[in-house]
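I have placed the structure first, in the form of structure tokens, so that the comments after it can refer back to it.
The values are calculated or read from the model by the stated rules, or taken from the named source; none is laboratory data. Quantities reported herein were computed from a predicted structural model and do not represent experimental measurements. As a convention, Cβ positions derive from the backbone with ideal geometry for all residues, glycine included, and neighbour counts pool all protein chains shown.
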Amino acid sequence: MSLIDHLERWLFGAIRLVVLGVGNSLRRDDAIGIEIVNKLEGRVPSSVFLVKSESTPENFIEPIVLFKPTHILIIDAALLTLSPGATKLLKSIEFSKVPISSHDLPLQIFYEYMSISTSAKIAFLLIQPKDTSFGEGLTIELSSVREKLVTSLLKLFECVIK
């Protein structure tokens, strides 16, 4: 099953979706989550709340909770030991098995708080970076993945979220 098939299945029944872009825009490919949200801005229905949290998703807890999401999709770079640009969708129950902690507050704690504060289904769209050294701009590999994911996400939002 493809990533898009997994996302479509996970989004089934979505009414209000938060898309949270996480990362550091000064660390090249680590900015992939933020870059995807940037490309989605102004192109999604009002039932999709876009958040660019950089490395501090905890700063957006209140607006996310007030939005009352049914689904929260967190997009971030992660060292998956895969080829650059490879993606993986982790659903809530699988998250505790993957250590992701390049942020001020580890995403595990953010996830746990969101689980308690909302009844939303939470998933992580993780993308293998190629280069997370100091600098701006995505590598060619991740720029290509960003464009494909943005196109696919827009189609999904149009079809799945009412």
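Computed quantities for the displayed model
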item	result
Considering residues of region 42-61 that are under 14 Å from the mean Cα position of the chain (by Cα) and assigned to a loop (DSSP other than H, G, I, E, B) only, the residue surrounded by the fewest Cβ atoms within 10 Å (Cβ to Cβ)	Thr56
Region 5-57, residues that are in contact with a helix residue (DSSP H, G or I) (Cβ under 9 Å, 6 or more places away or on another chain) and among the β-branched types (Val, Ile, Thr)	Val18, Val19, Val22, Ile32, Ile36, Val44, Val48, Val51
Residues of region 1-41 satisfying the condition of being surrounded by fewer than 20 Cβ atoms within 10 Å (Cβ to Cβ), of a type outside the set (Asp, Glu) and part of a loop (DSSP other than H, G, I, E, B)	Met1, Ser2, Phe12, Gly13, Ile15, Arg16, Asn24, Ser25, Leu26
Which numbered condition Ile75 fails, given (1) surrounded by 17 or more Cβ atoms within 10 Å (Cβ to Cβ); (2) more than 22 Å from Lys155 (Cα to Cα)	(2)
Residue pairs meeting the criteria (Cβ under 6 Å; at least 6 apart or on separate chains; first assigned to a loop (DSSP other than H, G, I, E, B), in region 129-149; second not charged (D, E, K, R))	Pro129/Ala77; Lys130/Pro84; Lys130/Thr139; Asp131/Thr139
Any hit, region 62-71, residues being out of contact with any His (no Cβ under 6 Å at 6 or more places or on another chain), over 24 Å from Glu112 (Cα atoms) and either touching a residue at least 60 places away in the same chain (Cβ under 8 Å) or part of a helix (DSSP H, G or I) (or both)	no
Breaking point among (1) within 12 Å of the chain's Cα centre (by Cα); (2) modelled with pLDDT under 90, for Ser101	(1)
Residue in region 79-86 that is at pLDDT below 85 and surrounded by 19 or more Cβ atoms within 10 Å (Cβ to Cβ) present	no
Which listed residue, of Ser53, Ser46, Ser25, is over 19 Å from Ser143 (Cβ atoms), small (Gly, Ala, Ser) and touching a residue at least 12 places away in the same chain (Cβ under 8 Å)	Ser53
